[in-house]
1. Take the Cβ-Cβ distance between Phe24 and Glu94 as r, set R0 to 30 Å, and report the resulting FRET efficiency rounded to the nearest 0.05.
2. What is the sum of charges around Ile73, taking Lys and Arg as +1, Asp and Glu as -1, for the other residues whose C-beta is under 15 Å from the C-beta of Ile73?
3. In the neighborhood of Pro42, defined by Cβ-to-Cβ distances under 11 Å, what is the net charge if each Lys or Arg adds +1 and each Asp or Glu adds -1?
4. Using DSSP to call loops (not H, G, I, E or B), can you name the chymotrypsin sites (Phe, Trp or Tyr not before Pro) in the stretch 19-82 whose Cβ has at most 14 other Cβ atoms within 10 angstrom?
5. List the pair-distance distribution P(r) of the chain, using every Cα-Cα distance, as the percent of pairs falling in each 10 Å bin from 0 up to the bin containing the longest distance, rounded to whole percents.
6. Give the residue list of trypsin sites (Lys or Arg not before Pro) in the stretch 14-101 that are DSSP loop and have at most 16 other beta-carbon atoms within 10 angstrom.
Amino acid sequence: MSDFIQYMYLFIALWGVLLIGLTFLEIHLAMRKEKYVGLVLPLADFLLAVILTMMVPFLFPIWFILVFAIPAIEQTIIYYVCRKIVNEKKTELERMQLTDF
């Protein structure tokens, strides 16, 4: 096996580990009480996608922004799903406190 292929496999494995770690970090941040802390990672990923797209202007920029923004889209979906779960737990807790009185 050539060195290039081995480095490619290593790069893909490290990229996958990084994305999985960022996904768990996003879940942790989105489940916190503070509402906007979970939007930091998707915003940073989207800005990185825009910057990387502007670095390659001679190719098809719309395709690059879509490819580079996939982690931002994923993390935004995770944020909204986690916030929905947090809000449901919060309303259920408030409802239980009202019934205690």
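Every number here is computed from the coordinates shown, using simple stated rules; none is lab data. The structure presented is a predicted model; accordingly, all values stated were derived computationally and were not measured. Glycine also receives a Cβ, built like all others from the backbone with ideal geometry; neighbour counts cover every protein chain displayed.
1. For R0 = 30 Å, the calculated efficiency reads 0.55.
2. Its environment carries a net charge of -3.
3. Overall, the nearby charge balance is -3.
4. Loop-located and lightly packed - Tyr36, Phe58.
5. 14, 30, 28, 16, 8, 4, 1, 0
6. Arg32, Lys33, Lys35
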